[in-house]
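The values are calculated or read from the model by the stated rules, or taken from the named source; none is laboratory data. None of these values were measured; they are calculated from a predicted model. Don't worry about glycine lacking a Cβ; one is built from the backbone with ideal geometry, like all the others, and counts go over all protein chains shown. Quick note on the areas: whole protein, heavy atoms, side chains included, nothing else; ligands and nucleic acids left out. Shrake-Rupley method; radii C 1.70, N 1.55, O 1.52, S 1.80 Å.
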Amino acid sequence: MTSWNRKDLTDLAGLSAEEIVHVLDTAVEFKSVGQRKLKKVPSLRGKTLVNLFVEASTRTRTSFELAAVRLSADVVNITATSSSLSKGESLKDTAKNLEALSVDLIVLRHAAAGAPQFLADRLRAGVISAGDGSHEHPTQGLLDVFTIRERLGRLEGVKVGIVGDIRFSRVARSNIHALTKLGAEVTLIGPPTLVPREFEKLGARITHRLDDVLAGLDVINLLRIQHERQKAGYFPGTGEYAALFGLNAARAARLKPGALVMHPGPIHRGTELDGAVADGPHSVILDQVTNGLAVRMAVLYLCASVAQKEDA
Amino acid sequence: MSACVNIRGGRVIDPATGRDDKGDVFIVDGKFSDVPAPGAQEIDAAGLVVCPGFIDIHVHLREPGQSAKETIETGTRAAAAGGFTSVVAMPNTQPVADHPGIIAWVQERAAAAGAVNVFPTGAITVGSKGEQLAPIGAMAAAGIVAVTDDGRCVQNHEVMRRAAEYCRMFDLPLFDHCQDTSVAGAEAAMHEGFWSTVLGLPGWPRMAEEIIVARDAMLAELTGARIHCQHLSAAGSVRIMREARARGVSLSGEVCPHHIALTDESLKDYSTDFKMNPPLREQTDIDALLGGLADGTIDILATDHAPHTVYEKEVEFAAAPFGIVGLETAVGLFCEILLHRTGAVDLPRMVAMLTVNPARLLGLDRGTLGAGRPGDVTILDPAREWVVDKELFATKGRNTPFHGWKLRGRALRTIVGGRTAWEISR
């Protein structure tokens, strides 16, 4: 019996706890593929996947591409500058053209919130979000909970602190949805300008003082500071931010012995995270990258299975 | 040829004169008369409501320059189909209606192709850029009924102050699209609140509207000008306006149907049919708007009819233009929400907010059934049940969030100057 009947993955807000766990369990199986000598399975042989990255990305695009390759899919990469979108073609027309080429799955990274849902509603192909504006980054959320579950053996009752630019972070939103559904306790940490009160309605706690909660956390997930936001006056500068919210060596020393330090990357060493902490014993940042591949294999496999049924 | 009709046996509501009784209305040679015309067309209005023709003071007819969205012909046909006999055309056309030549062009097109009366407005500032006053006097001479930079808001308070002072010379009301752009930035796409947080869309807080309503209250008080706040959406705006009006400040406001029919939760699937400016807000705002209508703080109803092409709206949410069509659904929604669902106002009050109140604000010789006035009539069935079908619209726009809605209340006949511009069977 399957717990998955979606051709698309556009967000985690709409997934049940059971569906999330099903993806995580499937990812466990796929993670073992990466540890074999022959890192490939035939699950998506004959399927075509398009990586449609309208917004810049290195690690997510590479991760999705490798995930598809390891599932034996044929992969086409399209980036913003090489697509007709740069000539003014609408997203709908671009997608309809891809569909006319019998594409089975589209992985979309787009600066506009809701863009993956827009495509999913209009296409027979499966649509998987690789991040849409400030909305969600569902596979990042899944790989983060996968990593926590793998390391700590559970999610229920785990105390997770997410630090930084929550307001504009799609990673934070997907993490909040996944973690709260699976029973973790989420605390959002940052200045009020970046942590609006509305997040409490999603089941998260909010504090503006990292030092007050640091020692009680099982996991601390540090988000990238988006330097472009500084111009908008959300905080005075990176120096003050680092002093108030940066995880430096002194703060890291106050973490619980088994606490995990996470970061979705790319890291600004010295701002949200000191280099020594990023490379230190608490850090699971590279595990996140490795697990991202397994999670994305699971998502591609599950969505393709449903898209295939709909075609039939 | 004269246009004479005798409308018999309806419930006649004329808030301007306080009339509300069962009786007859006569139009002789295009104007209301106390006596019937022999040989006139007889209309049986038994069981229906007969009132002065509805006036919509906030309509985008899109001509000149954007005829793919709408034309004066299609827009006025939509107005007639919705029960409106007069529309006030906004000046944010291409080019912006900021000089008398464009006003004259709109008037000529309306005279040639308009199904209902069209009253143009002129821009406050050249190009609606908020910097230099447009030739308001010349446009007043050409026949504008108000000035507005609608779609934009004059951010410079000094410019707005001078506009208010200058408009007094012509007794022109100054309409304002209340939006502080330093608070609601260029990227703002929806109401700032829980749903903008969940959806990751840039928010447009209430304060962006309220701060300008407060500014306008101060300017109306300072200058004595008549300032009208368009499409109010926020609870605080009502509170500020109530306080100002209680002190006798000449500040008025209007409410559009979508702002009392829908909340920001409607955007949860990113449908661009719910993307409007100002944005859909929360139930507390709806309650405040209804309270403002109930106690008379807000005394005008309008549509902000804003047609767009299908291809413009069928894009990512951030890229879609703001606005929805409203002319053909407004009366049904106002009846449904104000009369049937909430009882916020009674039928005569609702009729006043669509007739005499806008006519007085604009200085129009309409909005009443008084003898000698232009014979514009809306015949209404406030209980008529119907289902909104956007494919049947007369407007070119299909951008409505109300497709498929069941409503109670519809205009059955629209009479302009004694001639029937629209009717549906009883």
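Inside region B:353-368, can you point out the residues that are farther than 22 Å from B:V147 by Cβ and either of a type in the set (S, T, Y) or open to solvent by 30 Å² or more (accessible area, probe 1.4 Å) (or both)?
B:T355, B:T368
Given the conditions (1) within 22 Å of the chain's Cα centre (by Cα); (2) surrounded by 19 or more Cβ atoms within 10 Å (Cβ to Cβ), which single one is not true for B:A113?
(2)
Answer yes if at least one residue in region B:185-201 is more than 14 Å from chain A (Cβ to nearest Cβ) and among the aromatic types (F, W, Y), and no otherwise.
Let us first name the residues in region B:185-201 that are more than 14 Å from chain A (Cβ to nearest Cβ), namely none.
Within region B:185-201, not a single residue is more than 14 Å from chain A (Cβ to nearest Cβ) and among the aromatic types (F, W, Y).
Looking at region B:387-419, which of its residues are assigned to a loop (DSSP other than H, G, I, E, B) and closer than 23 Å to B:R366 by Cα?
Step one: filter region B:387-419 for residues assigned to a loop (DSSP other than H, G, I, E, B), giving B:388-389, B:393-405, B:417-418.
Hits for region B:387-419 are B:G417, B:G418.
For B:L339, are the conditions met, namely being under 26 Å from B:T17 (Cα atoms) and open to solvent by 10 Å² or more (accessible area, probe 1.4 Å)?
Details: under 26 Å from B:T17 (Cα atoms): yes; open to solvent by 10 Å² or more (accessible area, probe 1.4 Å): yes.
When the stated conditions are applied, B:L339 passes them.
Out of the residues in region A:146-172 meeting the condition of being farther than 25 Å from A:K31 by Cα and part of a strand (DSSP E or B), tell me which one is most open to solvent (accessible area, probe 1.4 Å).
A:K159
Do we find that B:A371 is in contact (Cβ under 8 Å) with a residue 24 or more places away in the chain, open to solvent by 10 Å² or more (accessible area, probe 1.4 Å) and within 21 Å of B:W422 (Cα to Cα) in this structure?
On the way: in contact (Cβ under 8 Å) with a residue 24 or more places away in the chain: yes; open to solvent by 10 Å² or more (accessible area, probe 1.4 Å): yes; within 21 Å of B:W422 (Cα to Cα): no.
Criteria not met by B:A371.
From the set of residues in region A:108-129 that are of a type outside the set (A, V, I, L, M, F, W, C) and buried (at least 23 other Cβ atoms within 10 Å of the Cβ), which is farthest from the other protein chains (Cβ to nearest Cβ)? Outline the logic, then answer.
First pass over region A:108-129, keeping only residues of a type outside the set (A, V, I, L, M, F, W, C): A:109-110, A:114, A:116-117, A:121-122, A:124, A:126, A:129.
Going one step further and asking which of them are buried (at least 23 other Cβ atoms within 10 Å of the Cβ), we end up with A:109-110, A:114, A:116-117, A:126, A:129.
On the way: A:R109: 13, A:H110: 7, A:G114: 3, A:P116: 10, A:Q117: 5, A:G126: 18, A:S129: 11 Å.
My answer is A:G126.
One line per residue, one yes/no per condition, for (1) over 30 Å from B:P64 (Cβ atoms); (2) in contact with a Leu (Cβ under 9 Å, 6 or more places away or on another chain); (3) outside any loop (DSSP other than H, G, I, E, B):
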| site | (1), (2), (3) |
| --- | --- |
| B:N277 | no, no, no |
| B:E312 | no, no, yes |
| B:R349 | yes, yes, yes |
| B:M353 | yes, yes, yes |
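Which members of region A:4-14 meet the condition of being more than 14 Å from every other protein chain (Cβ to nearest Cβ) and either in a helix (DSSP H, G or I) or crowded, with 16+ Cβ neighbours inside 10 Å (or both)?
The initial filter retains those residues of region A:4-14 that are more than 14 Å from every other protein chain (Cβ to nearest Cβ), namely A:4-7, A:9.
Hits for region A:4-14 are A:W4, A:R6, A:K7, A:L9.
Considering each residue of region B:161-184, count those that are out of contact with any strand residue (DSSP E or B) (no Cβ under 7 Å at 6 or more places or on another chain), more than 14 Å from chain A (Cβ to nearest Cβ) and either among the hydrophobic types (A, V, I, L, M, F, W, C) or assigned to a strand (DSSP E or B) (or both), and give that number.
2
Got a number for residues in region B:314-337 being touching a Gly at 6+ places or on another chain (Cβ under 9 Å), away from chain A (no Cβ under 14 Å) and in a helix (DSSP H, G or I)? Can you show your working first?
Just the residues of region B:314-337 that are touching a Gly at 6+ places or on another chain (Cβ under 9 Å), to begin with: B:316-318, B:322-336.
Now narrow it down to the ones that are away from chain A (no Cβ under 14 Å): B:322-336.
Checking the rest, the ones that are also in a helix (DSSP H, G or I) come to B:330-336.
Within region B:314-337, residues that are touching a Gly at 6+ places or on another chain (Cβ under 9 Å), away from chain A (no Cβ under 14 Å) and in a helix (DSSP H, G or I) number 7.
If I ask for residues that are of a type outside the set (D, E, K, R), out of contact with any Ser or Thr (no Cβ under 7 Å at 6 or more places or on another chain) and surrounded by fewer than 19 Cβ atoms within 10 Å (Cβ to Cβ), which ones from region A:83-101 would you list?
Taking region A:83-101 and keeping what is of a type outside the set (D, E, K, R), we get A:83-86, A:88, A:90-91, A:94-95, A:97-98, A:100-101.
Within this subset, residues satisfying the condition of being out of contact with any Ser or Thr (no Cβ under 7 Å at 6 or more places or on another chain) are A:86, A:88, A:90-91, A:95, A:97-98, A:100-101.
A:S86, A:G88, A:S90, A:N97, A:A100, A:L101 - these are the residues of region A:83-101 that are of a type outside the set (D, E, K, R), out of contact with any Ser or Thr (no Cβ under 7 Å at 6 or more places or on another chain) and surrounded by fewer than 19 Cβ atoms within 10 Å (Cβ to Cβ).
Hey, can you tell me all the residues within region A:202-243 that are under 18 Å from A:F168 (Cβ atoms) and at pLDDT 95 or above?
Quick first cut of region A:202-243, residues under 18 Å from A:F168 (Cβ atoms) only: A:202, A:204, A:206, A:208, A:221-238, A:241.
Passing the criteria: A:L202, A:A204, A:I206, A:H208, A:N221, A:L222, A:L223.
Name the pairs whose Cβ atoms lie under 7 Å apart, with the first residue in region A:47-76 and charged (D, E, K, R), the second part of a helix (DSSP H, G or I), and 6 or more positions between them or separate chains?
Qualifying pairs under 7 Å: A:K47/A:A304; A:E55/A:A80; A:R59/A:V289; A:R70/A:V33; A:R70/A:M297.
Applying the selection to region B:162-202, what residues are of a type in the set (G, A, S), under 25 Å from the mean Cα position of the chain (by Cα) and surrounded by 18 or more Cβ atoms within 10 Å (Cβ to Cβ)? Step through it out loud before you land on a result.
Taking region B:162-202 first, the residues of a type in the set (G, A, S) are B:163-164, B:182, B:184-186, B:188-189, B:193, B:196, B:200.
Adding the requirement that they be under 25 Å from the mean Cα position of the chain (by Cα) leaves B:163-164, B:184, B:186, B:188-189.
Passing the criteria: B:A163, B:A164, B:A184, B:A188, B:A189.
Taking region A:25-39, which residues are part of a helix (DSSP H, G or I), open to solvent by less than 50 Å² (accessible area, probe 1.4 Å) and of a type outside the set (S, T, Y)?
A:A27, A:F30, A:K31, A:V33
Residues of region B:203-220 being within 28 Å of A:G133 (Cα to Cα) and open to solvent by less than 10 Å² (accessible area, probe 1.4 Å), which ones?
B:W204, B:A208, B:E209
Taking region B:187-216, which residues are among the acidic types (D, E) and assigned to a helix (DSSP H, G or I)? Walk me through it before giving the result.
Narrowing region B:187-216 to residues among the acidic types (D, E): B:187, B:192, B:209-210, B:216.
Matches in region B:187-216: B:E209, B:E210, B:D216.
With respect to the numbered conditions (1) surrounded by 18 or more Cβ atoms within 10 Å (Cβ to Cβ); (2) of a type in the set (S, T, N, Q); (3) within 30 Å of A:G14 (Cα to Cα), which one is the sole condition not fulfilled by B:S266?
(1)
Go through region B:39-90 and give me each residue that's among the basic types (K, R) and either in contact with a Pro (Cβ under 8 Å, 6 or more places away or on another chain) or part of a loop (DSSP other than H, G, I, E, B) (or both). Break it down into steps so the answer makes sense when it comes.
Residues of region B:39-90 that are among the basic types (K, R), as a first pass: B:62, B:69, B:77.
Within region B:39-90, B:R62, B:K69 qualify.
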